[in-house]
Every structure is written in structure tokens, then in C-alpha cells.
Amino acid sequence: MSGQAVWVVVSGIGAYLVGSVPFGVIFARIRGVDLRSVGSGNIGATNVARALGRKWGVLVFVLDAAKGAGPVLFGRFVLAGWLGGSGYLFGAVCAGAAVVGHMFPLYLRLRGGKGVATGAGATAALLPLPLAVAAAVWVVTLLVWRIVSVASISSAAAFIAAFFTIGPTPHFSPQILPATVYALTLSTLVILRHKSNIRRLIEGKEPKIGKKSAPEASSG
């Protein structure tokens, strides 16, 4: 294995461990709350806001996004600059590993969140333009439907559509192949992690923002 390949693996492992840090669970435990027994039972920002209040939800969202962005920026600009490799290669590996870490955290026996906040942070550092489109779709969809899961699923679909239409470059090249794999995988995982929400949507049981009659979707 070449030196660069070793660093790709090392950076991926490091990003996974960072992504695994369950900020929602940590803050909830500090406040004496078992986050798994509240609302949807998810570890993300939406459920934290339900359990601890909106300001804690915002804080967890920011931290979850940061644990996605940090490893990507380090891999894309520090490691790639040092080793002379592709920034998209190191960035995509770190982005994917951080998101997987949040979804399947080592510290919580692989029972994590849906990856929206961490994915947003990682993607902002790797593919900011498609993410901007996805963010706009998320906001508009949430304002119209007032259902977090609908906004999250719609933004994931918009992200992959934007990647292939406006992309990081006008034309496909081998250099952006890692970013392509990441974009497809992230969108698919985010949608799949919302399967319970999709089921509730079909049944007409997914609540809108402000309603507490059933567990809300989680953005984490």
C-alpha cells in the first residue's frame, strides 16, 4: 500500500471517530435526560430541541455539522496539500466517514441518527454549490409542508440533481469521481434513514412542526 493510500485510510478512520461523537446524547445526559426515550428517540438536533429546548437543538445541529465539516477541510486542504493528492479524494473519504460515524456511531453500538446535520457540514466543505441548492429546497419545503422529514428527503433529492446539473465542475472528470460516489451515497443513505418517516407519511401520521401528537422526524 502506498503512503498516500495509508493516509486515505487513516483520515477515513479519524473522520469516522469524529463523526461518531454523539453531541445530542452528551448534552441530554448532562441535563439528566435519556434522549433515546424522548420523542422519536433519535440523537439528532430535532429530538434534542424537543427534549431540551430550541437553543440546545441549534447548538447540537451546529456541532453535528462541524464534526462533518472539520475532517473534510482537514483532508481536502491539509492532507491533500501535504501529500500532493486529490483534494476531492481525501475530502470525499472524510465526508463519507464522518456521516457514517454519525449514522452508525462506535460509541453508541452503531445506533445513530439520520445524518442530515453532519452531512450538511461535510457537504458544505466538499460540494458547497449543490448543497446551497439543497438548502434552499429544504427551507422552501419546510415552509410549505411544515414537516421536517419531507424537507430532508426533498433536499437530499435536490442535492443529487444539482450535483449532476451544475456540479463542482461543468464536465465530469476522473478527479471528481470520489465526490460523485460520495454525493450518490449520501443522498441514498439520508433517504433510507428516513424510511420510518416515509411510512408515517404514507399513513398520514407524520406530524407537522408544532404538533406533539406523534414523534417528529429528526434532522440529525
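Of everything in segment 41-74 that's in contact (Cβ under 8 Å) with a residue 40 or more places away in the chain and over 16 Å from T118 (Cα atoms), which residue is farthest from the chain's Cα centre (by Cα)?
R50
On the given criteria, is G24 in a helix (DSSP H, G or I), within 22 Å of I176 (Cα to Cα) and small (G, A, S)? Walk me through it before giving the result.
Details: in a helix (DSSP H, G or I): yes; within 22 Å of I176 (Cα to Cα): no; small (G, A, S): yes.
The answer is no for G24.
Residue check, G84 against (1) over 17 Å from G14 (Cα atoms); (2) buried (at least 24 other Cβ atoms within 10 Å of the Cβ), all met but one. Which one?
Tallying (1) over 17 Å from G14 (Cα atoms); (2) buried (at least 24 other Cβ atoms within 10 Å of the Cβ), G84 fails exactly one: (2).
Quick one: which helices (runs of 4 or more DSSP H) lie wholly within segment 103-220 and hold at least 2 residues that are modelled with pLDDT under 90 and surrounded by 18 or more Cβ atoms within 10 Å (Cβ to Cβ)?
Working: elements: 116-126, 128-145, 148-165, 177-192, 195-203.
The qualifying helices (runs of 4 or more DSSP H) are 116-126, 148-165, 177-192.
Could you look through segment 26-40, keep only residues that are surrounded by 13 or more Cβ atoms within 10 Å (Cβ to Cβ) and farther than 16 Å from G53 by Cβ, and pick out the one that is nearest to the chain's Cα centre (by Cα)?
The residue in question is S40.
The values are calculated or read from the model by the stated rules, or taken from the named source; none is laboratory data. Bear in mind that the values here come from a model prediction, so they are computed numbers and not experimental data. Positions of Cβ are backbone-derived with ideal geometry, glycine not excepted, and every protein chain shown enters the neighbour counts.
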